[in-house]
């Protein structure tokens, strides 16, 4: 637990992404199994101990310290786990080193009624830093800025294996990931995923910066304004993965039930809007369905979800990713009719006469769910990540950028009690988040309520009326133009920035880079 | 026995001693001020006559332009004091910074101690706190919550030295308050065997010299402004906290930002200061020291001047001690200095 506690401590105080990466790499290389696996699962919030909750800890503390002193301390510190770690009296005597695995085993095995005694005995074996690590492990809410993506990158770097392979294997193997480490260290073959509904890393697109592309080489499709999903059927189950590889099938049970083919598809999850005559509704409507663990019948009826399919990655046990897009498309068109039309349709290829025609159609697209145009190289295989020249996204005006919320401030007047002004940033080449602008409009009242709650639940620091938040929420910001500016560290200033969407589905690391924004400077 | 409440009055701006017509640590100019120590929230300029230890008076001369030689200002050694209006005042070590003193007042058979700021642990730069028995103990409570338990200073110093050695291409920049904390960190580093030159921000220069003049050996100090950037790689640099994330720090080789303060105990506080290496080193008593001191002094009544009064009040209530909070104002320097 000492090493894990030290790692958490260093991560808390380390701001640069690259430095965080280096710390995790070092930890993974020099910590034995299964501790390192449990540790990385804890960092990425992949552990849950249902018997141990914040209330358990509070009740336990009440047996050791005056409740009023706990309350005052909690108020000052602002975090239950940290308060408890600091207040818990040091047990006398020397302590044997408690391993992360021992702690995990004890927490996992306990019942709700035994939990206080189990947690107490663990706390007694640790010093203040160790207690903090243990309580964060038990309760979650680590907040050290380590996403699943960063953890996978650290793993790839630690053992010099391709990050794409790690992405595939990660979600197929449960903590503490022993087969993954064995493979990483060359002690075992790559784990066999034949019977597992595993996640394939998405192929991503670059923004189109060229004047035009040759349509003989590139096929054009609409870019849909939903969330990108991968539906995988394998090993007898169906899973829906979002961009970051999170399993979101629980929020869309009707899709899980309807997908009954041995296949892996890539597509856009949308909801059908009534006003659009059953066509796809705007992203706002889809948001009603996101982030839910259970779904009511009313939600299912009011916001019916479907998937507009645009790629086929595997079919009947065959991996199709090495095939060129043309071939995958041919098979996709033949495949989609096998799916229930109520929940799946085919994303149509646009067939423009020339590039100017495409530009006109893009500008004239009225559909609320159309975000722009995708250009896909006809001879390109399906490869993970963002490769130059293969896929382009050509978003509709205005300019937009995916930014990460950094600070929030209370508004004025009607909004005085809401955190409604948001400062957001993009990534520098050094992997630092730098502010690029501030916006206080573009969202509905319901979204404002949600944003306000996000700010309160994810506050890191308070500076008077301003709160610094956990850098985890991606905001799609629309703006009329962007200019060079000396006022901001990023060297950029946006004109009329507004929040166009809340991208709860998008991992913060995938927000845009400063360099991309600089490319939009006029 | 006189009733204390008739001869001593706590006001938001300080403690007024009626028979002597004198204020203790007044926040506004007063005709007569007895001053516990040189920090700006206790020592101010513009008083008529100042009564303090000779070190505190020297610090006030340096920082606030008080004329230490003027005949109306009086300097005392520990254990010494004066009498005015029937009140006997005397100065006793508080262990906070150089010259810091508790002020004992004796009047009509009653004893009152004002601690100013204090700590109990050993500090190579100042005299150690002495327990002074009294009827009313007027204490600070900067860290008056049980979450504040300062670890052993040598562990924190070892952490600092370890961090410098771990990254020989970088300097470690320690934010430390210019009066007291900076000199203590330097002296503790010397005690731990760090004999390389220590580099300092210009704002620390005069106070370090004053400490040296009072017999506190700080070893070789060099000014950052007179040193090549490259020469400070693998070295320790001290600056006031305000300079940490300032442009000034650009003259250092890729500095690791450290901060020496009791607040560093709380992680989010450290993050808020953009600190990478928090060092829990404080010149204030932690929770255990505060409570142990009250128990040891065992006064008839405890008055709490500033800090987390609620926590300490609650402890007094739980241990059945009579206590009250004074709600003094202007004691907010602790944010920087603790």
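The values are calculated or read from the model by the stated rules, or taken from the named source; none is laboratory data. Remember, predicted model here, so these are calculated numbers, not experimental data. No Cβ is skipped: glycine too gets one built from the backbone with ideal geometry, and neighbour counts run over all protein chains shown.
Annotations
- Subset of the stretch B:173-189 (residues that are over 16 Å from residue B:244 (Cα atoms) and free of Cβ contacts under 8 Å to residues at least 60 places away in the same chain): B:186, B:189
- Here residue B:309 does not qualify as away from chain A (no Cβ under 11 Å) and at negative phi.
Condition check ((1) surrounded by fewer than 18 Cβ atoms within 10 Å (Cβ to Cβ); (2) under 30 Å from residue A:430 (Cα atoms); (3) more than 14 Å from chain B (Cβ to nearest Cβ)) across all residues:
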{"site": "A:20", "(1), (2), (3)": "no, yes, no"}
{"site": "A:32", "(1), (2), (3)": "yes, no, yes"}
{"site": "A:36", "(1), (2), (3)": "no, yes, yes"}
{"site": "A:55", "(1), (2), (3)": "yes, no, yes"}
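- Filter pass, residue A:106 being assigned to a helix (DSSP H, G or I), surrounded by 23 or more Cβ atoms within 10 Å (Cβ to Cβ) and outside the structural domain of residue A:469 (by TED's automatic domain parsing): no
- Test for residue B:287: is it surrounded by 22 or more Cβ atoms within 10 Å (Cβ to Cβ), farther than 26 Å from residue A:461 by Cα and within 14 Å of chain A (Cβ to nearest Cβ): no
- Flag if residue A:184 is in contact with a helix residue (DSSP H, G or I) (Cβ under 6 Å, 6 or more places away or on another chain), outside the structural domain of residue A:271 (by TED's automatic domain parsing) and crowded, with 17+ Cβ neighbours inside 10 Å: yes
- Breaking point among (1) away from every other protein chain (no Cβ under 13 Å); (2) at pLDDT below 85; (3) out of contact with any strand residue (DSSP E or B) (no Cβ under 6 Å at 6 or more places or on another chain), for residue B:328: (3)
- The set of residues from the stretch A:75-103 being within 14 Å of chain B (Cβ to nearest Cβ), assigned to a loop (DSSP other than H, G, I, E, B) and over 32 Å from the mean Cα position of the chain (by Cα) comprises A:88, A:89, A:90.
- Condition check for residue B:293: more than 14 Å from chain A (Cβ to nearest Cβ), surrounded by 23 or more Cβ atoms within 10 Å (Cβ to Cβ), out of contact with any helix residue (DSSP H, G or I) (no Cβ under 9 Å at 6 or more places or on another chain) and at negative phi: no
- In the stretch A:428-462, the residues that are touching a residue at least 24 places away in the same chain (Cβ under 8 Å), exposed (fewer than 13 other Cβ atoms within 10 Å of the Cβ) and within 14 Å of chain B (Cβ to nearest Cβ): A:430
Quick grid of which residues meet (1) touching a strand residue (DSSP E or B) at 6+ places or on another chain (Cβ under 8 Å); (2) in a helix (DSSP H, G or I); (3) within 11 Å of chain B (Cβ to nearest Cβ); (4) on the phi > 0 side of the Ramachandran plot:
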site	(1), (2), (3), (4)
A:60	no, yes, no, no
A:68	no, yes, yes, no
A:73	no, yes, yes, no
A:112	no, no, no, no
A:131	no, yes, no, no
A:152	no, yes, no, no
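- Residues that are surrounded by fewer than 22 Cβ atoms within 10 Å (Cβ to Cβ) and either at the interface with chain A (Cβ under 7 Å from one of its Cβ atoms) or at positive phi (or both), drawn from the stretch B:248-275: B:254, B:268, B:271, B:272, B:274
- Extreme residue, modelled with the lowest pLDDT, among residues of the stretch A:206-244 that are part of a loop (DSSP other than H, G, I, E, B) and either outside the structural domain of residue A:326 (by TED's automatic domain parsing) or under 15 Å from residue A:269 (Cβ atoms) (or both): A:244
- In the stretch B:220-338, counting only strands (runs of 3 or more DSSP E) that sit wholly within it, the ones holding 1 or more residues that are within 23 Å of residue B:152 (Cβ to Cβ) span B:236-239, B:256-260, B:277-279, B:301-307.
- Flag if residue A:4 is under 30 Å from residue A:427 (Cβ atoms) and either surrounded by 17 or more Cβ atoms within 10 Å (Cβ to Cβ) or within 14 Å of chain B (Cβ to nearest Cβ) (or both): yes
- Residue A:408 meets the conditions (1) part of a strand (DSSP E or B); (2) more than 29 Å from residue A:513 (Cα to Cα) in every case but one. The failed one is (2).
- Scanning the stretch B:253-274 for residues that are within 17 Å of residue B:185 (Cβ to Cβ) and touching a strand residue (DSSP E or B) at 6+ places or on another chain (Cβ under 6 Å) yields B:255, B:256, B:257, B:258, B:259, B:260, B:264, B:270, B:273.
- Among the conditions (1) touching a residue at least 60 places away in the same chain (Cβ under 8 Å); (2) in contact with a helix residue (DSSP H, G or I) (Cβ under 8 Å, 6 or more places away or on another chain), the only one that residue B:198 does not satisfy is (1).
- Listed by position, the strands (runs of 3 or more DSSP E) enclosed by the stretch B:56-103 that each have at least 3 residues that are surrounded by 19 or more Cβ atoms within 10 Å (Cβ to Cβ) are B:87-93.
- Residues that are under 22 Å from residue A:503 (Cβ atoms) and under 28 Å from the mean Cα position of the chain (by Cα) number at least 3 in the following strands (runs of 3 or more DSSP E) confined to the stretch A:276-393: A:305-315, A:370-377.
- Candidates B:84, B:149, B:111, filtered to the one that is in contact with a strand residue (DSSP E or B) (Cβ under 7 Å, 6 or more places away or on another chain) and closer than 22 Å to residue B:293 by Cβ: B:111
- There is no residue in the stretch A:272-287 that is modelled with pLDDT of 85 or more and closer than 17 Å to residue A:506 by Cβ.
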